[in-house]
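Inspection log for the structure reproduced underneath, given as structure tokens.
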Amino acid sequence: MNVLAHVEDRIAAALASLQAEGALPADLRLGSVEVEPTKDATHGDLASNVAMVLAKPARMKPRDIADKLVAKLATEPGFAKIAVAGPGFVNITLETKAWQGIVPDILNAGDAFARVDIGKGQPVNVEFVSANPTGPMHVGHCRGAVFGDALANLLAAAGYQVTREYYINDAGAQVDVLARSAYLRYREALGEAIGAIPEGLYPGDYLKPVGETLAKAHGPGLLAKSEAEWLPDVRAAAMTAMLAEIKGDLAALNVRHDVFFSERSLTTGNRDEVALTIQELRDKGLVVEGRLEKPKGHDDGEWEDREQTVFKATQFGDDVDRALLKSDGSYTYFASDMAYHHNKLERGFTQLINVFGADHSGYVKRMQAAVKALSSGKADLDIKVCQLVRLLRNGEPVKMSKRAGTFVTLREVVDEVGRDPVRFMMLYRKNDATLDFDMAKVIEQSKENPVFYVQYAHARAHSIFRNALQAFPDMPEDPTALAKAETARLTDPAEIDLMRKLALFPRMLEGAARVHEPHRLAFYLHDVASTFHSLYARGNDSPYLRFIQSNDRTLTVARMALVRAFAQVIASGLALLGVGAPLEMR
């Protein structure tokens, strides 16, 4: 049972009853009721500001509404104490059995306890990573990949129909630079001494295998061709190799995508989707021929004041209007991105989420303006920007990779510290804050290492359960059988505190899914793990609190039910983060 939702339903029913009795205006729209855990335990378990929310439309004082509501609820079972506080808060203390009942609820539900249904099956498109396919992924891409994947997991658990998408930027000038870089490695593979990599081409050793593949496939045949002749073949080979490497890097992180969408496909085939998108906006009067002001900080020598094809982005919240065609008549990157999002809308998505890197933060307003214009305001685009990752080892910056040439690759990090530490720590800070990732500290086995602390809590729970089975071999192991334990025996404040926090799991998931913030889950898991470790530690000083009581089977079984419920919540939460839940750690 979702305790918070249950209390909200009871408050809503009490308000409706007051309305029917004439104690509240008959035309008052009650709306939704929200309760939240109190920050101070002396104020009770839960609190609601519903009286203050209803005061203005009801034309009543908040405390008057709160007093009526408290009087109505005070006669109902399940509430140990209800009181009005401050300007009109309703503070609620539940009977202990409400928290004790969470344990069998979790054991009977299993992974389903970690699911809510705010999405109601609505489709949502999550586009993430979308790194230029010109080389191996670096640690900055890693953060966006983990964030996007965890967010998609979270939304799926919240009842949305999620499509995970990667936008392949395979139509820009950087892809031709990739091809020229691969061609240089092709010449090297044929035995030519190429010397230092020329300025403007991609350095590093990762293109050597591409050059070797081209040499095997074509021999020296490409050398006799002009660039215009060899460029398409080399570009295709390099793109295939880089995409395969990117997918391998993502697989190492346990990140998957449902769709890999090619930018080039927008302007190839039977229709030019960029032209069609521009024309659709032109028909709406949102694309015109006009002049743009010189952007702030732009070099005067590079600025060309000319008439351009312009999207009226300022009508939809952008700072300036945006050019759609370059001086040579080709499309701007923004025009292609507009067409890509138009394609998403045509596929039926009205809820879009893009995960951007820090270098794309200036793109947020223009893309949101584009989606508003293209959907006539019917679609919503949320853009989450993942800030920079500072890669350290024992507090010192990590030097760049020889293989990549200019940065440390994602694969190098995963290979050194493991997938679980990478995924958890990339989420253990809000996405819009810079992250320090210390490759030495994330593998330490100490309570200062959050991922170890949480995983160890799960392993410790299973160790306790195995020890309990040795003490009581006939103890039920199946969660549904264990759910019949006498949880009324769990009365210590530390046990109640743990059950309270376990009960908040569905509400935390719901809140994180609504605001697209998977870091909340990582924080929650660390908090509930800390509560469990503290409960375990109390048993060292107070033997009666030890999980296993050799002379009291009933109490031991009840505590094992709590231990297994805790382990279930930790395992479910870690699974949503894409992190393993080990049964033992050495």
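Taking first residues from segment 536-562 that are assigned by TED's automatic domain parsing to the domain that holds Ala459 and partners that are among the hydroxyl-bearing types (Ser, Thr, Tyr), the Cβ contacts under 7 Å between residues at least 6 apart in sequence or on separate chains come to Ile548/Thr556; Gln549/Thr556; Ala558/Thr487; Ala561/Thr487. Looking only at residues of segment 77-125 that are assigned to a helix (DSSP H, G or I), touching a residue at least 24 places away in the same chain (Cβ under 8 Å) and hydrophobic (A, V, I, L, M, F, W, C), we find that the one that is nearest to Arg514 (Cα to Cα) is Ala114.
How do the helices (runs of 4 or more DSSP H) wholly within segment 405-506 filter down when requiring 2 or more residues that are within 24 Å of Val579 (Cβ to Cβ): which remain?
On the way: elements: 410-417, 419-427, 450-471, 479-482, 493-503.
Per the criteria, 410-417, 419-427, 450-471, 493-503.
With the condition kept exactly as written, say whether any residue in segment 518-541 is of a type in the set (Phe, Trp, Tyr), more than 16 Å from the chain's Cα centre (by Cα), modelled with pLDDT of 95 or more and in a helix (DSSP H, G or I). Yes, that holds for at least one residue.
Scoring Arg271 on the criteria (1) under 20 Å from Ser327 (Cα atoms); (2) assigned to a loop (DSSP other than H, G, I, E, B) leaves a single failure, condition (1).
Select, from Ala74, Ala41, Ala26, Ala66, the only residue that is of a type outside the set (Asp, Glu), at pLDDT 95 or above and out of contact with any Cys (no Cβ under 8 Å at 6 or more places or on another chain).
On the way: Ala74 fails: at pLDDT 95 or above; Ala41 fails: at pLDDT 95 or above; Ala26 fails: at pLDDT 95 or above.
Just a single option satisfies the conditions, and that option is Ala66.
Can you find a residue in segment 506-513 that is among the small types (Gly, Ala, Ser), without any contact (Cβ under 8 Å) to a residue 24 or more places away in the chain and either at negative phi or in contact with a Pro (Cβ under 7 Å, 6 or more places away or on another chain) (or both)? Scanning segment 506-513 turns up at least one residue that is among the small types (Gly, Ala, Ser), without any contact (Cβ under 8 Å) to a residue 24 or more places away in the chain and either at negative phi or in contact with a Pro (Cβ under 7 Å, 6 or more places away or on another chain) (or both).
Taking the conditions (1) at pLDDT 95 or above; (2) more than 30 Å from Pro473 (Cβ to Cβ) in turn, Pro493 satisfies each one other than (1).
Across segment 1-55, the number of residues qualifying as farther than 17 Å from Ala83 by Cα and of a type in the set (Lys, Arg) comes to 1. Go through (1) surrounded by fewer than 19 Cβ atoms within 10 Å (Cβ to Cβ); (2) part of a helix (DSSP H, G or I) for Leu374 and report which single condition fails. So the condition that Leu374 fails would be (1).
Counting the residues of segment 1-59 that are among the β-branched types (Val, Ile, Thr) and either more than 22 Å from Ala503 (Cα to Cα) or surrounded by fewer than 19 Cβ atoms within 10 Å (Cβ to Cβ) (or both) gives 3.
Would you say Val129 is under 30 Å from Asp249 (Cα atoms), crowded, with 22+ Cβ neighbours inside 10 Å and not hydroxyl-bearing (Ser, Thr, Tyr)? Lay out the reasoning, then the answer.
On the way: under 30 Å from Asp249 (Cα atoms): yes; crowded, with 22+ Cβ neighbours inside 10 Å: yes; not hydroxyl-bearing (Ser, Thr, Tyr): yes.
Against the criterion (under 30 Å from Asp249 (Cα atoms), crowded, with 22+ Cβ neighbours inside 10 Å and not hydroxyl-bearing (Ser, Thr, Tyr)), Val129 qualifies.
Trp99 meets the conditions (1) surrounded by fewer than 24 Cβ atoms within 10 Å (Cβ to Cβ); (2) within 16 Å of Gly573 (Cα to Cα) in every case but one. The failed one is (2).
In segment 244-261, the residues that are farther than 26 Å from Arg347 by Cβ reach residues that are surrounded by fewer than 21 Cβ atoms within 10 Å (Cβ to Cβ) and among the acidic types (Asp, Glu) with C-beta atoms within less than 9 angstrom, at least six apart or across chains, in these pairs: Ala252/Asp415. Of the helices (runs of 4 or more DSSP H) that lie entirely inside segment 133-241, those containing 3 or more residues that are at pLDDT below 95 span 139-157, 173-189. Restricting attention to segment 1-52, the residues being part of a loop (DSSP other than H, G, I, E, B) and free of Cβ contacts under 8 Å to residues at least 60 places away in the same chain number 18.
Residues of segment 542-570 being assigned to a loop (DSSP other than H, G, I, E, B) and among the aromatic types (Phe, Trp, Tyr), which ones?
If the condition is that a residue be assigned to a loop (DSSP other than H, G, I, E, B) and among the aromatic types (Phe, Trp, Tyr), then Phe547 is the only one that fits.
Residue pairs whose Cβ atoms lie under 9 Å apart, sitting 6 or more positions apart in sequence or on different chains, and linking a residue in segment 456-478 that is under 25 Å from Asp420 (Cα atoms) to a partner that is of a type in the set (Lys, Arg) and buried (at least 18 other Cβ atoms within 10 Å of the Cβ), are Ala461/Arg564; His462/Arg564; Ile464/Arg559; Phe465/Arg564.
Scanning segment 562-581 turns up no residue that is closer than 25 Å to Gly44 by Cα and modelled with pLDDT under 95. Answer yes if at least one residue in segment 73-85 is farther than 29 Å from Thr491 by Cβ, outside the structural domain of Arg489 (by TED's automatic domain parsing) and surrounded by fewer than 17 Cβ atoms within 10 Å (Cβ to Cβ), and no otherwise. Scanning segment 73-85 turns up no residue that is farther than 29 Å from Thr491 by Cβ, outside the structural domain of Arg489 (by TED's automatic domain parsing) and surrounded by fewer than 17 Cβ atoms within 10 Å (Cβ to Cβ).
The values are calculated or read from the model by the stated rules, or taken from the named source; none is laboratory data. In this text, all values refer to a predicted model and were calculated from it rather than measured experimentally. Because the Cβ atoms are built from the backbone with ideal geometry, glycine has one as well, and the counts that use them run over all protein chains shown.
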